[in-house]
Amino acid sequence: MMENQATTRAEYAAQGKSNNYLAAQAAGRLTAGQAAKVLSKRLGRPVKAKDLEPFATEYHHAGCFGGNKARRVFFFAAADLERITAADLDRAALPVWGWVLGFKPVYDGPYGRKRYVPTIAEVGQFDQAKAKRLGEKFHLLTEAEAAEAKGAEGKVLPPSCEDWRQAEV
């Protein structure tokens, strides 16, 4: 199969993985599970694949599983693993304070048109892996700011605004 050639549904169902997933495997990258085994041996302590998620820079879908959902599989190059230390793993296990951008539907206008307005969906402590998965929807806060921002939870933000202090009722 050529790299740029589209995969038919039948081929995809048979291989169970995306073309990018197969290309990463062919390039010699390790999955998070394989990387965890390597790190466990090197660091002399148990490391789980989930512990490595905050360090991942590449992921691909591994096909459809229960509920017809594609699972993310994180990949690591051998050089990436050399830079990860036990202190990094401990730091990544600590939760971070932040707020999450959400959207709520608003019906307005003479015809009741539905539009979505940005809101502060949640304020609190999050696992770093979850914060990374949320991407641009996650905004870091200090612990002091988080106490203040808790009162803004559920409030509407002006369009294209990323400052929780400007939230309105």
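Close amide H contacts of GLU58 (hydrogens built in the peptide plane, cut-off under 5 Å, sequence separation of 5 or more or a different chain): PHE75. Neighbours of GLU168, meaning other residues whose beta-carbon lies under 14 angstrom from its beta-carbon, give a summed charge of +1 when Lys and Arg score +1 and Asp and Glu score -1.
Dipole size of the stretch 55-169 about its Cα centre, with +1 on Lys/Arg Cβ and -1 on Asp/Glu Cβ: approximately 680 debye, rounded to the nearest 20. Taking a quarter of the surface of the convex hull around the Cα atoms of the stretch 33-169, what do you get in nm²? Hull-based average projected area comes out at 11.5 nm². Pairwise inverse Cα distances across the stretch 77-141, averaged and inverted, put the Kirkwood hydrodynamic radius at 14.5 Å.
Taking only the alpha carbons of the stretch 9-92, we obtain Rg and Dmax values of 14.1, 45 Å in that order.
Here, each number is a calculation from the coordinates, and none is a lab measurement. Everything numeric here is computed off the predicted structure, so don't read it as measured data. Don't worry about glycine lacking a Cβ; one is built from the backbone with ideal geometry, like all the others, and counts go over all protein chains shown.
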